[in-house]
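The values are calculated or read from the model by the stated rules, or taken from the named source; none is laboratory data. Keep in mind that what you see is a predicted model, and the values were worked out from it rather than measured. Cβ placement follows ideal geometry from the backbone for every residue including glycine, while neighbour counts extend to all protein chains displayed. Each accessible area value is taken on the protein alone, full model and side chains, heavy atoms only, with ligands, DNA and RNA left out. Shrake-Rupley method; radii C 1.70, N 1.55, O 1.52, S 1.80 Å.
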Amino acid sequence: MAQLAVTDTPTTGAGPSGLAVPGPLAVLRSWPGVSWAIRHAAWLGPAAVALFAGLLRFWDLQHPNAFVFDETYYPKDAWSLLQQGYEGVWPENANPEILGVPQEIPLTASPEFIAHPPLGKWVISLGEWAFGLHPFGWRVMVALLGTVTVLMLCRIGRRLFSSTLLGCVAGLLMAVDGLQFVMSRVGLLDGVLMFFVLGAFGCLLVDRDHARARLRKAPDPDAANLGLRPWRLAAGLLLGAACSVKWNGAQVLAVFGLLTVVWDQAARRGAGARRPLRSMLRRDALPAFASLVLVAGAVYTAAWSGWFAGTGGYDRRWADARAGLSPPRTPLVDLPLPQVPMSWVPAPLRSWWHYQAQMYDFNTGLSTPHTYQSNPWSWLVQGRPVSMYWQQVPDGQQGCHAAGGCASQILALGTPLLWWTACAALVYLLWRWGFRRDWRSGAVLAGVAATYLPWFQYQHRTIFSFYMVILVPFLCLAVAQLLGAVLGPPGCSLKRRQYGAVAAGTVVLAIMICFLFFYPLYTAEVIPMTDWQARMWFTSWI
């Protein structure tokens, strides 16, 4: 893995007196402000990238003043959680009443069946609590998390590659990815899920470094007990939160759990353990299971606290109704899935288990055709992006001055040049991991495997390419690692580094220009129909 080292160039030659003449870089670094910035670049660089990302994501966030795609579900569910502790039924005409002036909020007390756990909607509800049930209110928390995710990726990339520059490059690439940008500006769950998944990955990286440092100091690496590992515990909390947003967080939990114990085995081997596998199994595996799986399970259960606290939620009194203790408020449905037959289990837990079984049945069996559904095979090349908002604007309205009319669209399209470059970067990482045993490549590939590969078992389902927003951070890390190799290894010649910098810089600049070109399609900007057609590079994008 190419790592960047910024070195001084103290002299350029000898002056008339024979003394060394300071080079321009040395002179620049001697200035007080520049010297201070260089010393604090590890945080200033990521903060600058995150500020850039935040300006993009918060600018005109309330536009369009409409329910965008699945915003017709999650913001209203979030408001219901805020008011009732559970998701209630909304009438069919609720959307125009919510957006109308004066506003009407026709929430009912009847419980609604919901296909996803509640935590993501609780996060959205924080913005609604602060700003009301308006587009800005239900988008602000997702935009905030999308911005913080960019900051986290810069720091994660710095730790992974031992380079502030490459970390900032990874963050910058995500800041200008169209899919992450769009999903940070709509009130959907996937942006929240991405935040928790990436946070867990970063915590496990820190835990890896701390564990290796402690093992290096241990007199006997085979017998060393690493004790409490707070960063791995934090990862368990975040992975539990991810599962509490969407169930595909469980797949990430499984892969990351395997990854951390593999790192433990490698750490013991590197410290000189004679039997690293046995030592890992005896001393690390069970604590890892407790820190990740058990903690995640506790977080997931706690996320349903609003449902448990009352009796109005969907299926909340299913067990009582089944026992004839109360009339059923929702249909009694017996699924071909395991039920909890033990009468000694408290009724709320039996009801909750039945609700989870219904959610599982829905999420694994949904096959209703949709115009923008797609197959995972096409996701990496952005073969079928999802149009989340579309409005055809006649000439003379909403600022349209084109004879052929205008279009306003939000297209969940990843920046094409970034995603296509990432395909090449993944091939490079596979080579690095397979033939050079590069742990950094393995870590990024584990993230890709956890967030992307499980979807191939659901090709029969109605699924969408925007689910891959949780893959974006790992694609950006892969591209940053590839660009690090282009820049050149440590100790390479100045000319080699210059050529590499030009090539890598050209790639980053091209990706940023590509993002700017598609920017109107990410923000529902009103553009002439001819300009919209120029951006439809493939018919599958329409």
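Considering (1) open to solvent by less than 10 Å² (accessible area, probe 1.4 Å); (2) more than 16 Å from D177 (Cβ to Cβ); (3) not charged (D, E, K, R), the lone condition that S465 does not fulfil carries the number (2). Here the condition is being modelled with pLDDT of 95 or more and in contact with a Pro (Cβ under 7 Å, 6 or more places away or on another chain); of S465, S441, it holds for S465 alone. Residues in the stretch 121-135 include none that are modelled with pLDDT of 95 or more, within 16 Å of the chain's Cα centre (by Cα) and among the aromatic types (F, W, Y). Yes or no: the stretch 406-428 includes at least one residue that is open to solvent by less than 60 Å² (accessible area, probe 1.4 Å) and over 31 Å from the mean Cα position of the chain (by Cα). Yes, the stretch 406-428 has at least one match. Across the stretch 501-542, the qualifying residues are those that are touching a residue at least 40 places away in the same chain (Cβ under 8 Å), β-branched (V, I, T) and part of a helix (DSSP H, G or I), and the one among them that is surrounded by the fewest Cβ atoms within 10 Å (Cβ to Cβ) is T530. Taking the stretch 346-361 as the range and being farther than 15 Å from W307 by Cα and loosely packed, with under 14 Cβ neighbours inside 10 Å as the test, no residue passes. Within the stretch 412-429, residues that are under 24 Å from Y519 (Cβ atoms) sit with their Cβ atoms under 7 Å from residues that are open to solvent by 10 Å² or more (accessible area, probe 1.4 Å) and among the small types (G, A, S), at 6+ positions apart or across chains, in these pairs: L417/A510.
Could you say whether any residue in the stretch 34-56 is in a helix (DSSP H, G or I), modelled with pLDDT under 75 and not polar (S, T, N, Q)? Yes, the conditions are met somewhere in the stretch 34-56.
As for the stretch 214-229, it holds no residue that is under 30 Å from I463 (Cα atoms) and out of contact with any Asp or Glu (no Cβ under 9 Å at 6 or more places or on another chain). Among the residues of the stretch 385-402, those identified as out of contact with any Pro (no Cβ under 9 Å at 6 or more places or on another chain) and either surrounded by fewer than 19 Cβ atoms within 10 Å (Cβ to Cβ) or hydroxyl-bearing (S, T, Y) (or both) are S387, W390, Q392, V393, P394, D395, G396, Q397, Q398, G399. Evaluated against (1) surrounded by 14 or more Cβ atoms within 10 Å (Cβ to Cβ); (2) at pLDDT below 95, H370 falls short on exactly one condition, (1).
Conditions (1) small (G, A, S); (2) in a helix (DSSP H, G or I), marked per residue:
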residue: Q392; (1), (2): no, no
residue: Q397; (1), (2): no, no
residue: A402; (1), (2): yes, no
residue: S408; (1), (2): yes, no
residue: G414; (1), (2): yes, no
residue: W420; (1), (2): no, yes
residue: W431; (1), (2): no, yes
residue: F435; (1), (2): no, yes
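Can you tell me which residues in the stretch 342-372 are assigned to a helix (DSSP H, G or I) and of a type in the set (A, V, I, L, M)? Of everything in the stretch 342-372, those that are assigned to a helix (DSSP H, G or I) and of a type in the set (A, V, I, L, M) turn out to be A347, L349, A357, M359. Of all residues in the stretch 434-447, those satisfying the criterion of being open to solvent by 30 Å² or more (accessible area, probe 1.4 Å) and either more than 22 Å from L253 (Cβ to Cβ) or out of contact with any Leu (no Cβ under 6 Å at 6 or more places or on another chain) (or both) are G434, F435, R436, R437, W439. For the stretch 248-291, filtered to residues that are among the charged types (D, E, K, R) and open to solvent by less than 50 Å² (accessible area, probe 1.4 Å), the residue that is nearest to the chain's Cα centre (by Cα) is D264. Picking from residues in the stretch 475-500 that are outside any helix (DSSP H, G or I) and of a type in the set (G, A, S), the one that is most open to solvent (accessible area, probe 1.4 Å) is G491. Counting just the residues of the stretch 205-247 that are of a type in the set (A, V, I, L, M) and out of contact with any helix residue (DSSP H, G or I) (no Cβ under 7 Å at 6 or more places or on another chain), which one comes out nearest to H116 (Cα to Cα)? So the residue we want is L228. Every listed requirement among (1) buried (at least 18 other Cβ atoms within 10 Å of the Cβ); (2) in a helix (DSSP H, G or I) is met by L226 save one, (2).
Can you confirm whether G306 is closer than 25 Å to Q358 by Cα and in contact (Cβ under 8 Å) with a residue 24 or more places away in the chain? In short, yes.
If you check P75 against the conditions, is it assigned to a loop (DSSP other than H, G, I, E, B), surrounded by 15 or more Cβ atoms within 10 Å (Cβ to Cβ) and in contact (Cβ under 8 Å) with a residue 40 or more places away in the chain? Against the criterion (assigned to a loop (DSSP other than H, G, I, E, B), surrounded by 15 or more Cβ atoms within 10 Å (Cβ to Cβ) and in contact (Cβ under 8 Å) with a residue 40 or more places away in the chain), P75 does not qualify.
Could you please let me know if A213 is surrounded by fewer than 23 Cβ atoms within 10 Å (Cβ to Cβ), free of Cβ contacts under 8 Å to residues at least 12 places away in the same chain and either part of a helix (DSSP H, G or I) or touching a Gly at 6+ places or on another chain (Cβ under 8 Å) (or both)? Yes; evaluated as a whole, the condition is true for this residue. So, of the residues in the stretch 104-161 that are among the polar types (S, T, N, Q) and closer than 20 Å to M194 by Cβ, which turns out to be most open to solvent (accessible area, probe 1.4 Å)? Top of the filtered list is T147.
A search for C-beta distances below 8 Å between a residue of the stretch 150-166 that is within 15 Å of A47 (Cβ to Cβ) and any residue that is open to solvent by 70 Å² or more (accessible area, probe 1.4 Å) and in a helix (DSSP H, G or I), counting only pairs 6+ apart in sequence or on different chains, returns T164/R158.
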